[in-house]
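Working notes for the structure below.
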Amino acid sequence: MAFLSDMTRSKGDPKVLRSGPSSFSSFDRLARNLGWFSIALGFAEIFAAERITSALGMRGRENLVRAYGVREIGAGFMTLSVNKQAGLASRIAGDALDIATLGTAMRPDNPKRETVGVALAIVACITLLDIMATSATTRRHTRYEGHARYGDRSGFPKGIEASRRDAARKELADLRSTPGSASSTSRKPAGAGDE
């Protein structure tokens, strides 16, 4: 990945020697995968609505399936965005709609009830994953009122004033060691000759 990253950088930018550990948790990865799954499912629902309704014994509801596909794509993009909690919440709401819609297909006169039952089980499993990802990412990415993320750390272990004194000392030492500065040239005492 560092090679690909270096290819897109300007000539003056520093090169990436090695990438560090990822800050993604396993639930962040799950959320990302659910986002991509949502987009793929949405396209399937839009372009294969007739096959889906035929397999579930729901002929005549193709436009509803296509609308659900558009919803899935929107939820997928939100889940992949910075505001993944909103995307995951919309996925859970969409799962509830899917379960309710599939529930209407469980009528006794539907010859595809077994297929609908399998689809309901799959949607229930995905809903469980959505709930797990939502609760985990919300816990991880939510700031609570009065809760400091880093406590009282300032980045200056000895305090700001001590850091300023150290910086002033270093600057003075640098000035003294600079060639040609008045303090760095050694002067011979008056009247001393070369021997």
Seminar exercise, completed: Classified through the alpha carbon gyration tensor (a ≥ b ≥ c as square roots of its eigenvalues; rounded if a/c is under 1.5, else prolate when a/b is larger than b/c, else oblate), the stretch 20-141 comes out prolate
Seminar exercise, completed: Projected onto the charge dipole of the stretch 20-141 (unit charges on the beta-carbon of Lys, Arg, Asp and Glu, signs +1, +1, -1, -1), the Cα from G103, A48, V70 with the largest positive-side position is that of V70
Exercise. Given a cut-off of under 8 Å on Cα pairs at least six residues apart, what relative contact order in percent is computed for the stretch 26-134?
Worked result: 31
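FYI, it's all coordinate maths here, none of it is from the lab. Worth saying up front: this structure is predicted, and the values here are computed from it rather than measured. Don't worry about glycine lacking a Cβ; one is built from the backbone with ideal geometry, like all the others, and counts go over all protein chains shown.
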